[in-house]
1. Could you please give the count of residues in the range 129-139 that are open to solvent by 30 Å² or more (accessible area, probe 1.4 Å) and assigned to a strand (DSSP E or B)?
2. Looking only at residues in the range 19-49 that are outside any loop (DSSP other than H, G, I, E, B) and among the charged types (D, E, K, R), which one is least open to solvent (accessible area, probe 1.4 Å)?
3. Restricting attention to the range 82-91, does a residue exist that is closer than 17 Å to Val247 by Cβ, β-branched (Val, Ile, Thr) and assigned to a helix (DSSP H, G or I)?
4. Name the residue, out of Pro99, Pro104, that is out of contact with any Leu (no Cβ under 9 Å at 6 or more places or on another chain), under 25 Å from Pro252 (Cβ atoms) and open to solvent by 10 Å² or more (accessible area, probe 1.4 Å).
5. Please go through the range 175-200 and give me each residue that is surrounded by 11 or more Cβ atoms within 10 Å (Cβ to Cβ) and at pLDDT below 80, ordered by number.
6. Have a look at Leu166, Leu156, Leu142 and point out the one that is assigned to a strand (DSSP E or B) and either open to solvent by 20 Å² or more (accessible area, probe 1.4 Å) or touching a strand residue (DSSP E or B) at 6+ places or on another chain (Cβ under 9 Å) (or both).
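The values are calculated or read from the model by the stated rules, or taken from the named source; none is laboratory data. In this text the structure is predicted, and so the values were computed from the model without any measurement. Glycine gets a Cβ as well: all are built from the backbone with ideal geometry, and neighbour counts include every protein chain shown. Just the protein is used for accessible areas: all its heavy atoms, side chains included, with ligands, DNA and RNA removed. Shrake-Rupley method; radii C 1.70, N 1.55, O 1.52, S 1.80 Å.
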Amino acid sequence: AAIGVAMSEDDRRRDREYLAGSTWRYAVTIDQLERTGQRHLQQARIVDVGAYPGHLAAFLSQAHGAHVTAVTLVTSEAFETRMRIAGVTVALRDVERDPLPGDPGAADVVLCCELIEHLDGDVRHMLREARRVLRADGALLLTTPNHASIEHRWALLRGRSVYPPLDLPDYPFYAGAGARNPMRHVREFTVAEIHSLLRDAGFTRVALTTVSPPLNRAAHLSWRGRITTRLQYAAQRLTPDGGALIVAWAQP
């Protein structure tokens, strides 16, 4: 909507809510790119795997001048128009089966942000393809929810699910007979599992960490909620790999 693409009011609301909840994760991704040597983003060839709804792809193209290819299975006319206006190339792929766009060694960076938890097949194919299209000194930046986060452990100790409600109005777990909601999480991973998957895919240099959203996101909670959140943050500092989001930087 910010770059002139017409959207329905309902789509605009969902897009605004998704962006508000994802901004901290986008900031983590940009910070990681800048801190780990990808300084020339305006020159970079970036393959954004699972790019929909395209916020990050559009930002990297418009704000940094990167050459971005948005790989997605979920699409819409509004999304493809938005990407075209932003200077982003759209490639429709089933990343569990299809090859990623690009010749071997063609990409500087492959992004895989909050994707693998949505895949219902073998994620190894997509990771091997990321390894194939990367140049020798390129990198895969992968982020995914941490199944073993302190927040999840606390929820399970109280007998609560780590997943959203089954009948969440916008993204119900069950989309209907014969249909699968592409927004649902099929399987979440631990830090050790992500490390093992990346090694199996042929990445030889792998660095992983976990992060959590900033504390100011808890400002709307009750005083009990704010205290609980602060205790969780304290526990995360004392617990290895206890953050909400896994951030993996992997090189061939």
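1. Result for the range 129-139: 3.
2. Going through the range 19-49, the residues outside any loop (DSSP other than H, G, I, E, B) turn out to be 19-35, 45-49.
With among the charged types (D, E, K, R) added as a condition, the list becomes 25, 31, 34-35, 45, 48.
Numbers: Arg25: 31, Asp31: 67, Glu34: 95, Arg35: 156, Arg45: 101, Asp48: 8 Å².
Among residues in the range 19-49 that are outside any loop (DSSP other than H, G, I, E, B) and among the charged types (D, E, K, R), the one least open to solvent (accessible area, probe 1.4 Å) is Asp48.
3. The initial filter retains those residues of the range 82-91 that are closer than 17 Å to Val247 by Cβ, namely none.
No, the range 82-91 contains no residue that is closer than 17 Å to Val247 by Cβ, β-branched (Val, Ile, Thr) and assigned to a helix (DSSP H, G or I).
4. Values: Pro104 fails: out of contact with any Leu (no Cβ under 9 Å at 6 or more places or on another chain).
Only one candidate qualifies: Pro99.
5. Ala175, Arg180, Asn181, Pro182, Met183
6. Details: Leu166 fails: assigned to a strand (DSSP E or B); Leu156 fails: assigned to a strand (DSSP E or B).
Matching residue, one of Leu166, Leu156, Leu142: Leu142.
Here's the yes/no breakdown for (1) modelled with pLDDT under 95; (2) basic (Lys, Arg); (3) within 20 Å of Leu115 (Cα to Cα); (4) in contact with a helix residue (DSSP H, G or I) (Cβ under 7 Å, 6 or more places away or on another chain):
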position	(1), (2), (3), (4)
Leu41	yes, no, no, yes
Tyr52	yes, no, yes, yes
His55	yes, no, yes, yes
Leu60	yes, no, yes, no
Ala63	yes, no, no, no
Thr69	no, no, yes, no
Arg82	yes, yes, no, yes
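For every residue, the table says whether it meets (1) at pLDDT 95 or above; (2) among the hydrophobic types (A, V, I, L, M, F, W, C); (3) under 17 Å from the mean Cα position of the chain (by Cα).
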site	(1), (2), (3)
Gly121	no, no, no
Arg132	yes, no, no
Ala136	no, yes, no
Leu141	yes, yes, yes
